[in-house]
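Inspection log for the structure reproduced underneath, given as structure tokens.
The numbers here are math on the coordinates, done by the rules we state, and not lab data. Computed from a prediction, not measured in an experiment: that's the story for all the values here. Cβ sites come from the backbone with ideal geometry, for glycine too, and all protein chains shown count toward neighbours.
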Ligand SMILES: [Zn+2]
């Protein structure tokens, strides 16, 4: 079983991740250069899948949430913990898409996880062709301009 599981415990939507996208599209070469790894190391089907990118497989939050058997970090009695503040803080060294986590966990609480997954898949789909795009995409392969659609820029 190697299905995609795109809803991170922390509220990140793995469906908009460059690594997940590169594996889907067979475009591992470019992103491998950015990460300084071999293209064969660029593979991931999401935080909860059986095939997690090496960088994310070491995520302390992922390990913590799975040990505590919570569906999302927001279900944890210690939420928001110090580790959570670190990833959700916008003035941190982590990439800016991590800013979406707190907002996303709020939406999960409000609307339920399955509705949130549906909304995220729509939010990160090209308005012209429907193909998923990633957090940092500027243009879809169909030519649609995607600048201004990065919702983390508004957080
Ligand atoms: Zn498109």
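The set of residues in region 21-55 that are surrounded by 19 or more Cβ atoms within 10 Å (Cβ to Cβ) and touching a residue at least 40 places away in the same chain (Cβ under 8 Å) comprises 21, 45, 46, 47. Does residue 94 satisfy the condition of being surrounded by fewer than 16 Cβ atoms within 10 Å (Cβ to Cβ), closer than 14 Å to residue 7 by Cα, in contact with a helix residue (DSSP H, G or I) (Cβ under 8 Å, 6 or more places away or on another chain) and free of Cβ contacts under 8 Å to residues at least 24 places away in the same chain? For residue 94, the condition - surrounded by fewer than 16 Cβ atoms within 10 Å (Cβ to Cβ), closer than 14 Å to residue 7 by Cα, in contact with a helix residue (DSSP H, G or I) (Cβ under 8 Å, 6 or more places away or on another chain) and free of Cβ contacts under 8 Å to residues at least 24 places away in the same chain - is not met.
Quick check: is even one residue across region 56-66 more than 16 Å from the ligand (Cβ to nearest atom), more than 29 Å from residue 32 (Cβ to Cβ) and either within 14 Å of the chain's Cα centre (by Cα) or loosely packed, with under 15 Cβ neighbours inside 10 Å (or both)?
No; the residues of region 56-66 include none that is more than 16 Å from the ligand (Cβ to nearest atom), more than 29 Å from residue 32 (Cβ to Cβ) and either within 14 Å of the chain's Cα centre (by Cα) or loosely packed, with under 15 Cβ neighbours inside 10 Å (or both).
How many of the residues in region 98-133 are out of contact with any strand residue (DSSP E or B) (no Cβ under 9 Å at 6 or more places or on another chain) and either in a helix (DSSP H, G or I) or away from the ligand (no atom under 16 Å from the Cβ) (or both)? Number satisfying all stated conditions: 17. Could you go through region 70-79 and let me know if any residue there is closer than 26 Å to residue 25 by Cα and either more than 16 Å from the ligand (Cβ to nearest atom) or part of a helix (DSSP H, G or I) (or both). For region 70-79, residues closer than 26 Å to residue 25 by Cα and either more than 16 Å from the ligand (Cβ to nearest atom) or part of a helix (DSSP H, G or I) (or both): absent. If you go through region 134-155 and pick out every residue that is more than 16 Å from the ligand (Cβ to nearest atom) and either part of a helix (DSSP H, G or I) or exposed (fewer than 12 other Cβ atoms within 10 Å of the Cβ) (or both), you end up with 4.
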